[in-house]
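Taken together, the values in this text are just the output of simple stated rules run on the coordinates, not laboratory data. The structure displayed is predicted, hence computed values, not measured ones. Positions of Cβ are generated from backbone atoms using ideal geometry, with glycine treated the same way; all protein chains shown enter the neighbour counts.
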Amino acid sequence: MPSTLICFALKEEAAPFHRVAARHPGVITLIVGIGRQNAEKSVRSFLAASVPELVVTCGFAGGLNPELKLGDVIFEPAGPAANNQKLTEALLAAGARPAKIYCADRIATTVAEKQALRAATGADAVEMESGAIQAVCAERGLACVTVRVISDTAHEALPLDFNALAKADKSLDFGKLAWAIVKSPGKISALMQLQKKTKFAAERLADVLAKLISA
């Protein structure tokens with residue numbers, strides 16, 4: 001039985017951590033897909049066959065709190081994990097900071113949208129899967145903690161509206177992406193910068209998770 005299940009929406013988020021996880025046989029990584037529905041389905045399927053001691057829901061998050069910078073790692077425990085002082089201390093020691101994280105149904109792509117979410121929820125960051133994973137864990141009485149890394153700050157708009165470029169299952173439609181670039185070739189530079197930022201963010205997240213599972 002794995003002691004820790006670490007969930008990511010995308011393989012790109014998980015890539016730097018895979019090398020670390022390989023050295024820890026009690027740690028299993030799971031790619032759950034984008035959005036609540038995909039995350040819930042994937043985690044339920046996994047838990048039907050195996051029950052870990054801790055579930056960690058990870059990946060990128062958009063900053064809502066203007067104080068959060070690119071690469072900052074934040075966390076929010078749920079269920080039994082919320083009262084686990086040892087886990088909180090391990091996360092703090094690993095370089096993460098406590099935060100309120102909002103689980104949304106769409107990607108926050110503009111500064112105005114981020115400001116509206118901040119005002120409405122009081123959250124420090126936004127993502128799309130952790131709420132569903134936490135709910136499944138709550139049903140089973142499992143300890144769960146959300147650990148996210150800021151991939152775009154509250155001051156930044158994304159170069160494209162990725163909601164409009166998604167398929168019905170929330171995955172990126174590369175045909176739509178290619179057409180969007182053809183129509184707006186000036187976005188190529190911004191997309192390349194975003195790719196660099198997300199790679200840096202994934203590496204920062206992997207560093208924190210490596211310290212956490214080694215604690």
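Among the residues of region 100-116, how many are among the small types (Gly, Ala, Ser) and touching a residue at least 40 places away in the same chain (Cβ under 8 Å)? Give the derivation first.
Looking only at region 100-116, we keep the residues that are among the small types (Gly, Ala, Ser), and these are 104, 108, 112, 116.
This time we only want the ones that are touching a residue at least 40 places away in the same chain (Cβ under 8 Å), so: 108.
Counting residues in region 100-116 that are among the small types (Gly, Ala, Ser) and touching a residue at least 40 places away in the same chain (Cβ under 8 Å) gives 1.
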Answer residue from region 28-47, given it is hydrophobic (A, V, I, L, M, F, W, C) and under 15 Å from ALA135 (Cα atoms) and is surrounded by the most Cβ atoms within 10 Å (Cβ to Cβ) among those: ALA39
Can you go through ALA178, ALA154, ALA138, ALA164 and tell me which one is under 27 Å from LEU54 (Cα atoms) and not hydroxyl-bearing (Ser, Thr, Tyr)? ALA138
Across region 77-103, what is the total count of residues that are buried (at least 19 other Cβ atoms within 10 Å of the Cβ) and hydrophobic (A, V, I, L, M, F, W, C)? 9
Which condition breaks for GLY186 when tested against (1) surrounded by fewer than 14 Cβ atoms within 10 Å (Cβ to Cβ); (2) in contact (Cβ under 8 Å) with a residue 40 or more places away in the chain? (2)
Out of curiosity, is VAL145 touching a Leu at 6+ places or on another chain (Cβ under 6 Å), crowded, with 22+ Cβ neighbours inside 10 Å and closer than 30 Å to THR4 by Cβ? no
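Could you count how many residues in region 163-215 are in a helix (DSSP H, G or I) and touching a Gly at 6+ places or on another chain (Cβ under 9 Å)?
11
Residue by residue, here is whether (1) outside any loop (DSSP other than H, G, I, E, B); (2) within 18 Å of the chain's Cα centre (by Cα); (3) among the hydrophobic types (A, V, I, L, M, F, W, C) holds:
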| residue | (1), (2), (3) |
| --- | --- |
| ARG106 | no, yes, no |
| GLU113 | yes, no, no |
| ALA119 | yes, no, yes |
| ALA132 | yes, yes, yes |
| ALA135 | yes, yes, yes |
| ALA138 | yes, no, yes |
| CYS144 | yes, yes, yes |
| HIS155 | no, no, no |
| ASP161 | no, no, no |
Yes or no: SER130 buried (at least 22 other Cβ atoms within 10 Å of the Cβ), out of contact with any Cys (no Cβ under 9 Å at 6 or more places or on another chain) and of a type in the set (Ser, Thr, Tyr)? no
Picking from ILE28, ILE34, ILE74, the residue that is under 16 Å from ILE150 (Cβ atoms) and either without any contact (Cβ under 8 Å) to a residue 60 or more places away in the chain or touching a Ser or Thr at 6+ places or on another chain (Cβ under 9 Å) (or both) would be ILE74
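Looking at region 57-74 only, could you name the residues that are in contact with a strand residue (DSSP E or B) (Cβ under 9 Å, 6 or more places away or on another chain) and more than 14 Å from GLU127 (Cα to Cα)?
Let us first name the residues in region 57-74 that are in contact with a strand residue (DSSP E or B) (Cβ under 9 Å, 6 or more places away or on another chain), namely 57-65, 68-74.
If the condition is that a residue be in contact with a strand residue (DSSP E or B) (Cβ under 9 Å, 6 or more places away or on another chain) and more than 14 Å from GLU127 (Cα to Cα), then LEU68, LYS69, LEU70, GLY71, ASP72 are the ones that fit.
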Being outside any helix (DSSP H, G or I), out of contact with any Ser or Thr (no Cβ under 7 Å at 6 or more places or on another chain) and among the hydrophobic types (A, V, I, L, M, F, W, C) is the filter here; which residues of region 83-104 pass it? ALA96, ALA99, ALA104
